[in-house]
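The values are calculated or read from the model by the stated rules, or taken from the named source; none is laboratory data. Small disclaimer: the values here were computed from a predicted structure and weren't measured. Here Cβ is always computed from backbone atoms with ideal geometry, including for glycine, and neighbour counts include all displayed protein chains.
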Amino acid sequence: MNLNLFDTPAQPETNLLPYDGIVNDYGIIFDNDTAHQYYQKLLHDIAWQHDTAVIFGKHITTARKVAWHGHTDFDYHYSGSVRTALPWTEDLLALKTIVETHLARISPTSFNSCLLNLYENGHQGMGWHSDDEACLGKNTIIASLSFGATRKFAFRHKQSKQKVELLLEQGQLLVMRGGTQTYWHHAIMKSTRITQPRINLTFRTMLT
Ligand SMILES: O=C(O)CCC(=O)C(=O)O
Ligand SMILES: [Fe+2]
């Protein structure tokens, strides 16, 4: 038997949601050293910045930091403002290809952008939301790749309020597709016990 020791026995064919959407867990797709190297490089090389948004008419600055990379030949209308993506870095392009290769059998996709989030520690999270902006279109595929501290990720159905929770670890690939953004919210839960940073990359396809 050919066992990859760093591979968790993930079953990407399994749908983690009971209804109204599809979430596939591809498990940890990198060995420890490779994942750690990507983590360090992203931490230092990305031009991390606090995000600003307008919520209930108030200008707010997020605690977490973000970066937005992608094909630079068009602007993205996202979260009420027009954003221009920074160009792909060598690492982000390599990661995009690796992610697309993993997805090829079950949900073949070519992503054109990546939203990066940096959570300094467990005091920083992301509240309940869905990535349902018009520019993503219906039934969009979003691939999420995590590095650094393990954090709890949760889904909550918009009507039934049923919850599905899982931990996202360094090197873990998760895919949201089907009706997930239409029918479910998701969030990164806060936990004061967590003192280390976490980086999350969500590869997306913006309609052009
Ligand atoms: O950090 C995560 O795992 C989730 C990020 C997320 O939901 C988003 O960027 O929309
Ligand atoms: Fe999200």
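Every condition in (1) assigned to a strand (DSSP E or B); (2) in contact with a Gly (Cβ under 8 Å, 6 or more places away or on another chain); (3) modelled with pLDDT of 95 or more holds for Phe30 except the one numbered (1). Please verify whether the range 170-188 includes one or more residues that are over 16 Å from the mean Cα position of the chain (by Cα) and among the polar types (S, T, N, Q). For the range 170-188, residues over 16 Å from the mean Cα position of the chain (by Cα) and among the polar types (S, T, N, Q): present.
Residues in the range 130-142 that are touching a strand residue (DSSP E or B) at 6+ places or on another chain (Cβ under 8 Å), within 11 Å of ligand 1 (Cβ to nearest atom) and under 16 Å from Val175 (Cα atoms): how many? Counting residues in the range 130-142 that are touching a strand residue (DSSP E or B) at 6+ places or on another chain (Cβ under 8 Å), within 11 Å of ligand 1 (Cβ to nearest atom) and under 16 Å from Val175 (Cα atoms) gives 4.
Using the structure shown, decide if Thr150 is surrounded by 14 or more Cβ atoms within 10 Å (Cβ to Cβ), over 18 Å from Thr14 (Cβ atoms), within 13 Å of ligand 2 (Cβ to nearest atom) and hydroxyl-bearing (Ser, Thr, Tyr). No. Set side by side, the residues Ala85, Ala53 differ, and just one is of a type in the set (A, V, I, L, M, F, W, C) and away from ligand 2 (no atom under 16 Å from the Cβ), which is Ala85.
Of the residues that make up the range 90-108, is at least one of a type in the set (A, V, I, L, M, F, W, C) and within 14 Å of ligand 2 (Cβ to nearest atom)? No, there is no match, as no residue in the range 90-108 is of a type in the set (A, V, I, L, M, F, W, C) and within 14 Å of ligand 2 (Cβ to nearest atom). Give the residue that is modelled with the lowest pLDDT, with candidates limited to residues of the range 198-207 that are surrounded by 18 or more Cβ atoms within 10 Å (Cβ to Cβ) and over 12 Å from the mean Cα position of the chain (by Cα). Within the range 198-207, the match that is modelled with the lowest pLDDT is Met206.
Among the residues of the range 196-208, count how many are away from ligand 2 (no atom under 16 Å from the Cβ) and more than 20 Å from Gly171 (Cβ to Cβ). Outline the logic, then answer.
Of all residues in the range 196-208, those away from ligand 2 (no atom under 16 Å from the Cβ) come to 196-197, 207-208.
If we keep only those that are more than 20 Å from Gly171 (Cβ to Cβ) too, we end up with 207-208.
Total meeting the criteria: 2.
Lys161 passes every criterion in (1) loosely packed, with under 14 Cβ neighbours inside 10 Å; (2) touching a strand residue (DSSP E or B) at 6+ places or on another chain (Cβ under 7 Å) apart from (2).
Annotation note: Cβ proximity below 8 Å between a residue of the range 127-148 that is closer than 23 Å to Ala35 by Cα and a residue that is within 13 Å of ligand 2 (Cβ to nearest atom) and part of a loop (DSSP other than H, G, I, E, B) (sequence gap 6+ or interchain) occurs for Ile142/Asp131.
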